[in-house]
Amino acid sequence: MERRLITLWRIIHTGIVNFMRNVTLAVAAIAVMVVTLTIILFSLITNATFENTIAQITNKISISAYLEDTTTEAQAKVLVAQLKKQPSVHRVQYLNKDAALKAYIAQNKNNQNLITAAATVGNPIPATIQIYPSDLNEIQHIKDILTTPENTKLQTPGSPSYNGDRKQAIDNITHATNVLRKIGVVTVIVFAIICALIIFNTIQMAIFNRRDEITIMRLLGAGTGYIRGPFVVESAIYGLLSAVFSILIINSAFLASSNALQASSLGLLDINYASQYFDAHFFQLLTLQIAIGIIIGTASSVIATHRYLKFKTK
Amino acid sequence: MILLDRVTKKYVRSEGTALDRISLHVEPKEFVIVIGQSGAGKTTLLRLLTREERPTSGKIIIGSIDYDKLKDKDIPLLRRKIGVVFQDFKLLPNKTVYENVAFALEIVGVSNREIRHTVPKVLNIVNLKGKEDRMPRQLSGGERQRVAIARAIVRQPRILIADEPTGNLDPKHAWDVIKVLEKINRYGTTVLLTTHNRDIVDKLKRRVVVIQGGKVTSDRASAGYKH
């Protein structure tokens with residue numbers, strides 16, 4: 001046990017010393033890794049910003065069920081309870097006739113004619129149940145519940161509102177958000193694979209430059225782990241430092257552009273959310289970057305040293 | 001004990017045979033000089049002994065280790081039992097003189113205390129005291145060769161193989177190296193030395209094996225050789 005600990009300590013110590021003695025090589029490898037890890041981080045933040053935009057769009061879309069005046073409040077509450085049980089439903093809001101009228105007036109406060117007309121004919125606004133879906137793809141499922149024969153009887157003709165032009169608009173938004181999600185995930189995966197390959201090649205080149213050392217250590221009788229270990233430690237240091245530098249670069253970029261971000265907008269896309277997301281998830285992103293850097297770095301060095309550690313068998 | 005029995009080595013890509021049915025028996029504590037022209041097969045012979053190469057046919061036994069039965073995972077264990085001085089030194093370029101010698105002990109799990117005790121003594125034997133912190137690139141050819149010798153003997157191997165250890169040295173440094181090898185041999189280590197240097201062969205008065213065209217053409221004691 002003690003001997004294993006000594007060996008482990010020697011491997012770590014040698015890795016650190018080698019890192020410091022090969023500064024030029026280390027700087028070159030770290031520079032490439034910083035760029036690639038920054039690309040991964042950037043694509044993650046961009047994806048989160050898209051997700052936020054999709055969530056904002058989803059939150060604004062609801063299905064409205066308009067209830068007949070003959071429908072009692074007790075019947076309405078049974079329907080609300082039924083809807084709340086559905087996993088596809090994020091939130092349900094019930095407005096009785098009075099509350100629905102108030103909401104209508106509030107929505108149309110600038111249109112005095114509409115408000116006067118509503119007051120003249122009494123309260124023409126039906127009691128309304130507003131259903132917010134947890135996922136836009138689940139709207140049809142909610143509609144199926146609302147259009148069962150017993151639930152249809154409770155609603156005015158034409159209810160629920162997920163029909164006609166509005167249906168087309170919601171379907172278009174649903175399709176667009178689905179495509180955006182897929183693009184986001186594919187982009188992150190593609191960037192991650194490209195970056196992993198770049199880091200692998202960088203470390204492979206760094207180890208190629210020192211292949212003679214591996215051969216000499218082999219000739220002296222060093223075991224595979226004892227030769228490979230310091231290279232793995234060195235690569236782990238590359239990964240750790242690259243991750244930290246990458247996070248610092250993104251952090252500096254957000255700090256430098258914070259005012260510009262707050263003032264800018266790309267329609268629905270809330271760019272400022274990227275900065276908020278980065279601040280809120282700083283330590284998670286740092287941990288993730290370090291994990292990615294160390295895992296790709298160490299795996300690359302294990303693979304890259306393999307070919308120089310082989311014995312001649314023929 | 002080193003035993004080679006009708007060992008042949010053919011390289012697939014090159015024409016001819018590097019070694020052709022060579023047989024050699026070296027007793028424990030013996031000092032044997034292998035001579036021959038460039039390309040005669042001396043280095044191939046040593047590469048077979050360190051298991052850098054495998055023979056095409058024939059049998060090799062060192063101590064109690066039969067190379068036919070040696071698995072890949074056991075090759076490092078074999079190499080730890082043999083000290084090797086390479087013609088091109090093969091020092092680790094990123095390690096100091098001290099670290100290069102200590103490395104041979106570290107890989108066999110020797111404690112730090114023992115390393116701190118042993119390495120300075122060995123560096124003293126090869127006259128490198130005071131140069132412990134130098135990097136190999138800061139040393140002369142002779143000094144590098146002595147580091148290689150220190151690294152080869154620090155584990156006190158039963159067998160020391162030296163491949164043209166004087167090839168890159170001036171006469172004075174060459175003799176310094178040979179004296180170290182003789183000293184090691186007196187302590188009981190079997191030494192197998194390859195050289196071009198006729199002067200060394202004549203003055204050492206040891207058993208001389210001549211290899212020509214991959215064959216042993218002569219195996220005799222030099223004048224005055226006593227074993």
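Laboratory data are not the source of any read-out in this text; all were calculated from the coordinates shown. Source: prediction; values computed, not measured. Please note: Cβ atoms are built from the backbone with ideal geometry, for glycine as well, and neighbour counts cover all protein chains shown.
Remarks
- Karplus-derived 3J(HN,Hα), 6.51/-1.76/1.60, for each residue of segment A:73-87, Hz, glycine and proline x: 5, 5, 5, 4, 5, 5, 5, 4, 4, 4, 5, 4, 6, 6, x
- When DSSP beta bridges are restricted to pairs lying wholly in chain B, around 50% turn out antiparallel.
- Close amide-amide hydrogen proximity is noted between B:K215 and B:D20, each under 5 Å apart and 5 or more residues distant or on a separate chain (H modeled in the peptide plane; Pro and chain starts excluded).
- The lysine pair count for segment A:68-158, using Cα distances under 23 Å and pairs eight or more places apart or on different chains, is 14.
- Between the Cα long axis of helix B:141-153 and the first principal axis of chain B there is an angle of about 80°, rounded to the nearest 10.
- Other protein chain C-beta atoms within 10 Å of residue C-beta, averaged over B:110-116: 1.
- Burial ordering of A:S88, A:S159, fewest other beta-carbon atoms within 10 Å first: A:S88, A:S159
- Cα-based reach from B:K10 at 20 Å (exclusive), listing lysines while leaving out same-chain residues under 8 positions away: A:K312, A:K314, B:K42, B:K59, B:K215
- Counting Cα-Cα pairs of the protein assembly as shown in 20 Å increments starting at 0 gives whole-percent bin shares of 17, 31, 19, 15, 12, 5, 0.
- Binned Cα-Cα distances of chain A, short to long, each 10 Å bin given as a whole percent: 5, 19, 19, 15, 13, 11, 8, 6, 3, 0, 0
- With a 10 Å cut-off around each Cβ of B:68-77, the average count of Cβ atoms from other chains is 3.
- Among the trypsin sites (Lys or Arg not before Pro) in segment B:70-101, those placed in a DSSP loop whose Cβ has at most 10 other Cβ atoms within 10 Å are B:K71.
- The string of couplings for segment B:45-61 from the Karplus curve (6.51, -1.76, 1.60, θ = phi - 60°) is 4, 5, 5, 5, 5, 8, 6, 6, 10, 10, x, 6, 8, x, 10, 10, 10 Hz, one whole number per residue in order, with x for Gly and Pro.
- Among the listed pairs B:K69/B:K205; B:K90/B:K203; B:K71/B:K131, those beyond 32 Å (Cα-Cα): B:K69/B:K205; B:K71/B:K131
- Amide proton proximity set for B:F31, modelled H, under 5 Å, gap of 5+: B:V191, B:R207
- Amide H contacts of A:Q155 (H built 1.01 Å from N, in plane; Pro and chain starts excluded): A:E68 sit under 5 Å, all sequence-distant by 5 or more or on other chains.
- For the residues of A:218-229, the average number of beta carbons from a partner chain within 10 Å of their own beta carbon is 6.
- Ranking of A:R10, B:R116, B:R151 by count of other Cβ atoms within 10 Å, fewest first: B:R116, A:R10, B:R151
- The distance separating the Cα centre of segment A:13-88 from that of segment A:171-223 comes to 23 Å.
- Residue-wise HN-Hα couplings along segment B:88-103, as the Karplus relation 6.51 cos²θ - 1.76 cosθ + 1.60 with θ = phi - 60° gives them from phi, are 9, 6, 6, 7, 6, x, 9, 10, 6, 4, 4, 5, 4, 6, 5, 4 Hz; Gly and Pro carry x.
- Cβ-based exposure ranking for B:V85, A:V27, A:V188, in which fewest neighbours within 10 Å come first: A:V27, A:V188, B:V85
- Look at where the Cα atoms of segment B:86-101 and of segment A:275-314 average out, and the two centres are 30 Å apart.
- Of the trypsin sites (Lys or Arg not before Pro) found in segment A:46-142, those in coil by DSSP whose Cβ has at most 10 other Cβ atoms within 10 Å are A:K85, A:K109.
- Compactness of chain B was expressed as the Cα radius of gyration divided by 2.2 N^0.38 Å, which yields 1.00.
- Cα-based helix-to-principal-axis angle, A:282-309 vs chain A, degrees rounded to 10: 40 degrees
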